[in-house]
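Notes to accompany the following structure.
The values are calculated or read from the model by the stated rules, or taken from the named source; none is laboratory data. Nothing here was measured: the structure is a model prediction, and the numbers come from that model. Positions of Cβ are backbone-derived with ideal geometry, glycine not excepted, and every protein chain shown enters the neighbour counts. Surface areas here come from the heavy atoms of the whole protein model, side chains and all, with no ligands, DNA or RNA. Shrake-Rupley method; radii C 1.70, N 1.55, O 1.52, S 1.80 Å.
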Amino acid sequence: MEMFKNKLIVVEDDPATRLLIRSVLFKSGYQVLEANSGEQALELCACEGPILVVLDIGLPGMDGFEVCRTLRASGRRQGILMLTAKEGDQDKVEGLDAGADDYMVKPFNPRELVARVKAVLRRLHPLNSSNEPLLFKGLRLEPENRRVFRDGLEVRLTPREFNLLSNLLKASGRAMSREELTDALWGINHFGSPKLLDVYVRRLREKIETDPSAPQLIQTVWGYGYACR
Ligand code: CA
């Protein structure tokens, strides 16, 4: 399903709180849909494909933890920011265990809520669409015309090699997991062999590294993925 860039869902059974959340997020430029129960939230998520769900824990029927686990099990990758009325670590731990990206205690400062939503989205979608050239240790990647230079000389990359390098560079030193890279290259619903990613990394290294057997640009993060750092 297409992910709409700015569509969020607020799940809260208390109308006043729901309205408050909706209005601060709306003012920050998001399209905000509302659900007053977990069941309704799951239905909306399935048909609307939000990028993030603000999810209250205390809901009639299915509670927020269960909604969170169900959303995670569905494999869709929207962000989840949980809300609870209770101070204390127990809900927080359970919320994060259930797969929430972040957590806030009510009553909250509306501006902080917006900041948290943005932070979750930045973590989930680190690939900004800026067309500024990306520079890294003698490499120059020009997103707009899809060209790559090493020490001033153009390196010819296939579209997938280019996307791989571009993803790693845009992560600005953050290690990307194998899963994240595979999703970025082949799409979320790809079920291909993870080995394929290694093949692409090897080919890319052969083109951009001085010594591909001792890579200086693309590092292997053992048991996790790769990083340009
Ligand atoms: Ca509630």
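Per-residue SASA remark: D183, around 30 Å² accessible (1.4 Å probe; ligands, DNA and RNA not included). Counted over the chain, the DSSP beta bridges are approximately 45% antiparallel. Loop-resident trypsin sites (Lys or Arg not before Pro) (DSSP state other than H, G, I, E or B) in the range 1-85 with no more than 16 further Cβ atoms inside 10 Å of their Cβ: K5, R76, R77.
Can you give the longest stretch of the chain with no exposed loop site, where a site means GluC sites (Glu not before Pro) in a DSSP loop (not H, G, I, E or B) with at most 13 other C-beta atoms within 10 Å? After excluding every exposed loop site, the longest remaining stretch is 145-229. Computing FRET efficiency as 1/(1 + (r/R0)^6) for K27 and Q90, where r is the C-beta to C-beta distance and R0 is 30 Å, gives about 0.35. Dipole size of the chain about its Cα centre, with +1 on Lys/Arg Cβ and -1 on Asp/Glu Cβ: approximately 1100 debye, rounded to the nearest 20. Between rounded, prolate and oblate, where does the range 1-94 land on the alpha carbon gyration tensor, with a ≥ b ≥ c its root eigenvalues, rounded for a/c under 1.5, else prolate if a/b exceeds b/c? Since a/c reaches 1.5 but b/c is at least a/b, the shape of the range 1-94 is classed as oblate. Contact order for the range 134-228, expressed relative to its length and based on alpha carbon pairs under 8 Å spaced 6+ residues apart, stands at 26 percent. When the Cα gyration tensor is reduced to axis lengths a ≥ b ≥ c, the ratio a/c is 1.5 or higher for the range 41-109, and with a/b above b/c it is classed as prolate.
Note on E209 and R69: their simple-model spin labels are 4.3 nm apart, each label 7 Å out from Cα toward Cβ. Taking the longest Cα principal axis of the chain as reference, the axis of helix 15-27 is set at about 30 degrees. Charged side chains reduced to their Cβ positions (Lys and Arg at +1, Asp and Glu at -1) give the range 7-124 a dipole of some 700 debye around its Cα centre. Annotation: T158 carries an accessible surface of approximately 50 Å², with a 1.4 Å probe and no ligand, DNA or RNA atoms counted.
In the range 132-229, which chymotrypsin sites (Phe, Trp or Tyr not before Pro) are in a loop and have at most 15 other Cβ atoms within 10 Å, using DSSP for the loop call? Hits after loop and neighbour filter: F191, W222, Y224.
Relative contact order of the chain, taken over Cα pairs closer than 8 Å and 6 or more residues apart, is 12 percent.
Remark: the range 128-221 is approximated by an ellipsoid whose semi-axes, taken from the C-alpha gyration tensor as √(5λ), come to 20, 16, 12 Å, largest first.
Relative to the longest principal axis of the Cα atoms of the chain, the long axis of helix 195-208 lies at roughly 50 degrees.
Each of S172, A35, F108 was scored by the projection of its Cα onto the charge dipole of the chain, and the greatest displacement toward the positive side belongs to S172; charges sit on the C-beta of Lys, Arg, Asp and Glu. Taking each residue as 0.36 nm, the span from K118 to T158 lengthens on full extension beyond its C-alpha to C-alpha distance by 11.1 nm. With contributions of -39500 (n - 2.57) from each DSSP H run of at least four residues, the per-residue ellipticity at 222 nm computed over the chain stands at -12500 deg cm²/dmol.
Across the protein chains, with a 1.4 Å probe defining accessible surface, the residues K137, K92, K195 rank K195, K137, K92 from largest area downward. Only Lys, Arg, Asp and Glu carry charge here, each on its Cβ (+1 for the first two, -1 for the last two); on that basis the range 134-228 has a dipole of about 80 debye about its Cα centre. For the range 1-52, chymotrypsin sites (Phe, Trp or Tyr not before Pro) meeting the loop criterion (DSSP other than H, G, I, E, B) and having at most 16 other Cβ atoms within 10 Å: F4. Tell me whether the chain comes out rounded, prolate or oblate; compute the Cα gyration tensor, take square roots of the eigenvalues as a ≥ b ≥ c, and use a/c under 1.5 as the rounded threshold. Judged from the Cα gyration tensor, the chain comes out prolate (a/c at least 1.5, a/b above b/c).
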